[in-house]
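Participant: The structure follows.
Only the coordinates and a few stated rules stand behind these numbers; no lab work does. From a predicted model like this one, the values you see are computed outputs, not experimental measurements. A quick note on method: Cβ atoms are made from the backbone with ideal geometry, for glycine too, and the neighbour counts reach across all protein chains shown.
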Protein chains: 2
Amino acid sequence: MKIALAQINYTIGDFDGNFRKMSECIVTAKIQGCQLIIFSELSVCGYIPSDMLNYDSFIKKCHDSLERLIPLSQNIGIIAGCPVLSRLLEGKMLYNAAFLLQDGQIKQQVNKSLLPTYDIFDEYRYFEPNNSFNVVAFEGIKIALTICEDLWNIAEPRLYDFCPMDRLMPQHPDIIINISGSPYSYNHTEERKQLMQQNAKVYGLPLIYVNQVGAHTDLLFDGGSLFVDREGNVIEELAYFKEELRVIEWDMNREYQALQTINKDDDIEVIREALVMGIRDYFQKSGFKKAILGLSGGIDSALVNALAVEALGAKNVLSVLLPSKFSSKGSIEDSVDLCRKTGNDYKIIPILEPVEALEKTLDVVFTDHPRDVTEENLQARSRGILLMAICNKLGHILLNTSNKSESAVGYATLYGDMCGGLSVIGDLYKTQVYEMCRSINKTREIIPLNILTKAPSAELRPNQLDSDSLPPYDVLDKILLHYIENQKGRAEIVELGFDEATVRKVVRMVDNNEYKRFQAAPTLRISHKAFGQGRRMPLVAKYYD
Amino acid sequence: MKIALAQINYTIGDFDGNFRKMSECIVTAKIQGCQLIIFSELSVCGYIPSDMLNYDSFIKKCHDSLERLIPLSQNIGIIAGCPVLSRLLEGKMLYNAAFLLQDGQIKQQVNKSLLPTYDIFDEYRYFEPNNSFNVVAFEGIKIALTICEDLWNIAEPRLYDFCPMDRLMPQHPDIIINISGSPYSYNHTEERKQLMQQNAKVYGLPLIYVNQVGAHTDLLFDGGSLFVDREGNVIEELAYFKEELRVIEWDMNREYQALQTINKDDDIEVIREALVMGIRDYFQKSGFKKAILGLSGGIDSALVNALAVEALGAKNVLSVLLPSKFSSKGSIEDSVDLCRKTGNDYKIIPILEPVEALEKTLDVVFTDHPRDVTEENLQARSRGILLMAICNKLGHILLNTSNKSESAVGYATLYGDMCGGLSVIGDLYKTQVYEMCRSINKTREIIPLNILTKAPSAELRPNQLDSDSLPPYDVLDKILLHYIENQKGRAEIVELGFDEATVRKVVRMVDNNEYKRFQAAPTLRISHKAFGQGRRMPLVAKYYD
């Protein structure tokens, strides 16, 4: 049996666009003689439309889209995902469903049983879990049709009290098909692959896994759809961060040649690809072309500049240098050098005069008060206001250049360097920023060496260095990883061998800055615990332990 | 039996503070001869600690706090709420539990069955639902101990497939006790009361309902704990927006005198009380004393000024007038008049010079471009930067003064008038803002009449009026209510009798401004669908229907 795996980049709520992509894949699959084509989870609307699902008018459009697919199922089976009204008198209004369309009819509906509700997932907010289990009959074979999380309870931690596959096995399925909307994180891709292999082995069944690809604002979907044989060997692996329509030949009795796959988790190059896709999709899907960013002469903005040029092209990136009286000559030269290397346009807009005018205006209130962080914030906010003005005037989008270490400890000014429509590297610790820059420079120097080697400084007062107020980044980042990603408490982190006073200070800084992050730009998510919708902390609380 | 209902204002994660309040109530209840005292849901830590619940160290502190309560249960029964480890091999790690403590021991643990996961609620993110049902024996009576949502499935829509009370009834309970963390909204208080009455009637049992009170950033808990007799009459009703320890006499065979309660839903005075509590708790719980706000001469900032003075006292509020060349003389005079009436200090800081300096600095990029909304945003952002600078210098918190109508259609400048630590009236439509001002003025004129009667204007260009670009507020607010609160689609709203072009324009404005609201300040929630954590829309999507 020839089966097409359609790994598509959907746009949330773009019913016409999504339908067009799906129907083109169906045509291609038919031409190639496929008997079945498989799309990913909630394919008609894209995964996941969040509270759009609360609108009856949205659900109606999903149903309409499914209706449009039905006539295309002459001479081919179509598996597609769609939210549907449960029509129950009790429970949530919707199911997260997969449909088999065949011979111009809906042949079967399968609802999702296990509803991820943690981190960035909110499925129980919308969906009623399934509790009836039937294999899907298709062309003489029996398919165990499952939806994403349905296969995940086989691994620790077991968040649910059963595995849907255990309920399906008594009906003797021939193959597992899983349609998925599984986001990327740098420690997730390999885990996912292993989990699919584990399912194939445990149930002794071949498995086809179809994921979506593309970015929905902060969430990056990596694709990487799979065909795994009953021994758990990966036979086919689709592209990462790219659309692909792959036709596989499945024969129940055939022996397959296992593919050699490489564990690329933690690979900084893969993270870079993820970020580039994130930038590109954010602009394409929101209908914008051009980005601007503020270039400080530091490594963070240099990296964002390089990534933006890779994603959008040099002609679509405008860098703005906003030197103050504390900016070193080196910072300006390094920034200009960078733009020469990346090839994008830049402007130099000194902030001296607006900062002076703001300070003078504030004299009436500030008299008798010594200079403090307020004046540093004035510089950062003047830059923010100037960058936003250029955005407004030219119709560009401002890219934010903060990294995760800074966001974590609040080493950023709200409405200043925290401005921007999208935070590109806000889920990368400073040490990862360095690693990515070194990796980008491997073939040729894009990020000027000066920028890579100088000591990090905000340059908001004379001779300021990050290390004046923060622990060294290699220590800081490890503490942050334990506190944020690993959700360890202060005492637990100290037990791991870190200095108590340092841990106390860092944890306190993280907690004290929840209020800032609440108003931060959406952040491209590359870890399993990014700031944003996946981490929901109270803003007013007593945190310290 | 004498029973104490302890309606307390908890601080999330303040274990010592919460324990102190609880133990003081226990002492008082003992002195008054109570046999039982009842605290609200998750009382040891406050409802709801969100992702703090993911930290083992936090759960340990909850357990420790419960341990500290146990010895206080000599000569009194204590019902308290606490998250506990489920210790199951499968399912979520935690239960949302209620404990009966007695004779220095944990006598019984009851877990929550129905886990609200919609709007602002995320309980299935953390908790495993209960599925074993036992009444709690106490001093010869049998208590049907339930937790908040457990009683709610009796009403439409039935979000769950059973009612925990139906499982408990075969054990013949004598009384229902419900511990709750139920937030206020102006159309929720009466619904809640009726629901408790309905439960009492349906099950033929008296009911004690204990809610928490106080604000957790955006969420306002109104208290209003209840004692309802088996006929569904409200016998006792505790204070709204205030802590209270009320002792009731319950006798199984006694007939009670029904209390005459008044339906205050939709009452603008009650909404005002809610907002005042919200401001007060935000400052008290975050350890700040003083607020500043920008006074434009318009009605929104005037209202926030009045509310801030009521909540914090006139001496803790600093109003800042930031006139531009487009500000009318009336705006300044009206603002000064307002501050004279509210009694708080004010400063006048003209923004002319910084705006000119910013414009001049931008000349290098803006040459050849006509003036547009960019220059209007520059004014709004100059005000934001100046207000934030004063905050930083003086250690105050900036109150945001945007209303819900503006936030909805994006009639606000990101990093400009959208600045602030807390949005006070961001869940009030403009028409509600007027209504509240008129109500405040009932006994004496606090909001100058001029402010109430002039046509709304942003004063960002000459002779600008809100009505130039927006439908009249009475029309706009109704469309917004249907789209946001009632989740109606465009076609449905048109069917209700609104002009199609207007509806299309308004819906499009709401959708196009999701990106702005994503970075907005937390907003005191007074409706059942406020912007913020209760409304989660995709930022990059195709919205229009």
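Participant: Under a straight-distance cross-link criterion of Cα-Cα below 20 Å, which lysines are reachable from residue A:329, leaving out those fewer than 8 residues away in the same chain?
Facilitator: Answer for residue A:329, where 20 Å is the Cα cut-off: A:341, A:347, A:454, listed by chain and number.
Participant: Using the Cα centre as the reference, give the magnitude of the dipole from point charges on the C-beta atoms of segment B:222-350 (Lys, Arg: +1; Asp, Glu: -1; all else neutral), rounded to the nearest 20 debye. Don't jump to the answer; show the numbers that get you there.
Facilitator: Values: 16 positive and 22 negative charges, 244 e Å.
The calculation lands at about 1180 debye.
Participant: Next up: Measuring nothing but label to label, 7 Å from Cα along Cα→Cβ, what are residue B:373's distances to the other copies in nm, shortest first?
Facilitator: Copy-to-copy label distances at residue B:373, shortest first: 3.3 nm.
Participant: If R0 is 22 Å, what FRET efficiency do you get for residue B:252 and residue B:194 from their C-beta distance, rounded to 0.05? Write out the running numbers ahead of the final one.
Facilitator: Values: r = 24 Å, r/R0 = 1.10.
That pair, residue B:252 with residue B:194, gives E of 0.35.
Participant: Here is a further query. Suppose R0 equals 30 Å; then what is the FRET efficiency for residue B:443 and residue B:475 from their Cβ-Cβ distance, rounded to the nearest 0.05?
Facilitator: Efficiency for this residue pair is about 0.45.
Participant: Here is a follow-up. Take every DSSP beta bridge with both residues inside segment B:2-249 and express the antiparallel ones as a percent of the total, to the nearest 5.
Facilitator: The answer is about 65 percent antiparallel.
Participant: I've got another one for you. So what's the angle, to the nearest 10 degrees on a 0 to 90 scale, between helix B:56-69 and the longest Cα principal axis of chain B?
Facilitator: Value to nearest ten degrees: 50.
Participant: 7 Å along Cα→Cβ for the label point: how many nanometres lie between residue A:60 and each equivalent label in the other copies, listed shortest first?
Facilitator: Sorted ascending, the copy-to-copy spacings read 5.5 nm.
Participant: Using only C-alpha positions, report the orientation-averaged shadow area of the convex hull of segment B:104-260, nm², one decimal.
Facilitator: Orientation-averaged projected area of the Cα hull: 10.3 nm².
Participant: Quick check: the distance between the Cα centres of segment B:369-399 and segment A:220-253, to the nearest angstrom?
Facilitator: Cα centroid of segment B:369-399 versus Cα centroid of segment A:220-253: 53 Å apart.
Participant: Lys/Arg Cβ at +1, Asp/Glu Cβ at -1, dipole of segment B:270-469 taken about the Cα centre: which of B:436, B:314, B:357 is farthest positive-ward?
Facilitator: B:314
Participant: Semi-axes of the equivalent ellipsoid of the protein assembly as shown: what are they in whole Å, largest first, if each equals the square root of 5 times a C-alpha gyration tensor eigenvalue?
Facilitator: Semi-axes (√(5λ), whole Å): 43, 43, 29.
Participant: Sticking with this one: Structure shown: which of A:201/B:542; A:529/B:478; A:193/A:404; A:92/A:142 lie over 32 Å apart, alpha-carbon to alpha-carbon?
Facilitator: Over 32 Å Cα-Cα: A:201/B:542; A:529/B:478.
Participant: For the protein assembly as shown, with the dipole built from +1 on Lys and Arg beta-carbon atoms and -1 on Asp and Glu ones, taken about the Cα centre, which of B:493, B:413, B:235 lies farthest toward the positive end?
Facilitator: Of the options given, the answer is B:413.
Participant: Output the antiparallel fraction of DSSP beta bridges having both residues in the protein assembly as shown, as a percent to the nearest 5.
Facilitator: The antiparallel fraction comes to roughly 55 percent.
Participant: Note down, for segment A:270-461, the three equivalent ellipsoid semi-axes (square root of 5 times each alpha carbon gyration tensor eigenvalue), biggest first, whole angstrom.
Facilitator: The three semi-axes for segment A:270-461 are 28, 18, 16 Å.
Participant: Can you give me the C-alpha center-to-center distance between segment B:442-506 and segment A:280-334, rounded to a whole angstrom?
Facilitator: Value for the Cα centre distance between the two parts: 39 Å.
Participant: Binned at 5 Å from 0, what are the whole-percent values of the Cα-Cα distance distribution for segment B:408-545, short to long?
Facilitator: Histogramming segment B:408-545 at 5 Å steps yields 2, 9, 16, 20, 22, 17, 9, 4, 1, 0 percent.
Participant: Let me ask another. Using only Cα atoms and rounding to the nearest 10 degrees, what angle (0 to 90) does helix A:373-394 make with the longest principal axis of chain A?
Facilitator: Its long axis makes an angle of about 60 degrees.
Participant: Same structure, new question: With only Lys, Arg, Asp and Glu charged, each at its Cβ (+1 for the first two, -1 for the last two), find how big the charge dipole of chain B is about the Cα centre; round to the nearest 20 debye. Intermediate results must be reported in sequence, preceding the final value.
Facilitator: Details: 59 positive and 72 negative charges, 200 e Å.
Computed about the Cα centre, the dipole is about 960 debye.
Participant: Here's a follow-up. Please determine, in degrees from 0 to 90 and to the nearest 10, the orientation of helix B:299-312 with respect to the longest principal axis defined by the Cα atoms of chain B, where the helix direction is its Cα long axis.
Facilitator: 40 degrees
Participant: Separate question: Report, by chain and number, residues whose modeled amide H sits under 5 Å from the one on residue B:345, excluding near sequence neighbours (fewer than 5 apart, same chain).
Facilitator: It is B:317, B:319, by chain and number.
Participant: Another question, if that's okay. When only C-alpha pairs under 8 Å and at least 6 residues apart count, what is the relative contact order of segment B:270-469, in percent?
Facilitator: Working: 309 pairs, mean separation 47.9, N = 200.
Relative CO of segment B:270-469 lands at 24 percent.
Participant: Show that you can apply the helix-only estimate: for chain B, add -39,500 (n - 2.57) for every DSSP H stretch of four or more residues, divide by all residues, and state [θ] at 222 nm to the nearest 500.
Facilitator: -11000 deg cm²/dmol
Participant: Something else about it: Rg to Rh ratio, chain B, alpha-carbon atoms and Kirkwood radius?
Facilitator: So for chain B, dividing Rg by the Kirkwood Rh gives 1.02.
Participant: In whole Hz and in residue order, list the ³J(HN,Hα) couplings for segment B:177-193 that follow from phi through the Karplus curve 6.51 cos²θ - 1.76 cosθ + 1.60, θ = phi - 60°; x for Gly and Pro.
Facilitator: 10, 10, 9, 9, x, 10, x, 6, 8, 5, 10, 10, 4, 5, 4, 5, 5
Participant: Taking the label point 7 Å from Cα in the Cβ direction, how far apart in nm is residue A:269 from each other copy of itself, listed shortest first?
Facilitator: Those separations, rounded to one decimal, come out as 7.2 nm.
Participant: I want to check the label-to-label distance for residue B:465 and residue B:20. Put each point 7 Å from Cα in the C-beta direction and report it in nm to one decimal.
Facilitator: Output for this residue pair reads 5.6 nm.
Participant: Please report the relative contact order for segment B:2-249, taking Cα pairs under 8 Å with a sequence separation of at least 6, and give it as a percent rounded to a whole number.
Facilitator: With pairs under 8 Å counted, the relative contact order is 20 percent.
Participant: Percent of alpha carbon pairs in segment A:7-162 separated by more than 23 Å?
Facilitator: 37 percent
Participant: Using amide H atoms built in the peptide plane, which far-off residues or other-chain residues are under 5 Å from residue A:221 H to H?
Facilitator: Those qualifying (amide H under 5 Å, at least 5 residues apart or on another chain) are A:184, A:214, A:215, A:216.
Participant: In chain B, what % of DSSP beta bridges are antiparallel (nearest 5)?
Facilitator: Beta bridges within chain B, antiparallel portion: roughly 55 percent.
Participant: Taking the dipole about the Cα centre of segment A:2-253, with the C-beta of Lys and Arg at +1 and of Asp and Glu at -1, give me whichever of A:209, A:95, A:126 is farthest to the positive side.
Facilitator: A:95
Participant: Across segment A:221-231, in residue order, what do the Karplus-derived ³J(HN,Hα) couplings come to in whole Hz, using 6.51 cos²θ - 1.76 cosθ + 1.60 with θ = phi - 60° and x for Gly and Pro?
Facilitator: 9, 9, x, x, 4, 9, 10, 10, 7, 5, 8
Participant: Counting alpha carbon pairs within less than 8 Å and at least 6 residues apart, what relative contact order, in whole percent, applies to chain A?
Facilitator: Dividing the mean separation by the residue count of chain A yields 11 percent.
Participant: In debye, nearest 20, what is the charge dipole magnitude of the protein assembly as shown about its Cα centre with +1 on Lys and Arg Cβ and -1 on Asp and Glu Cβ, if you could check?
Facilitator: With only Lys, Arg, Asp and Glu charged at Cβ, the dipole is about 1020 debye.
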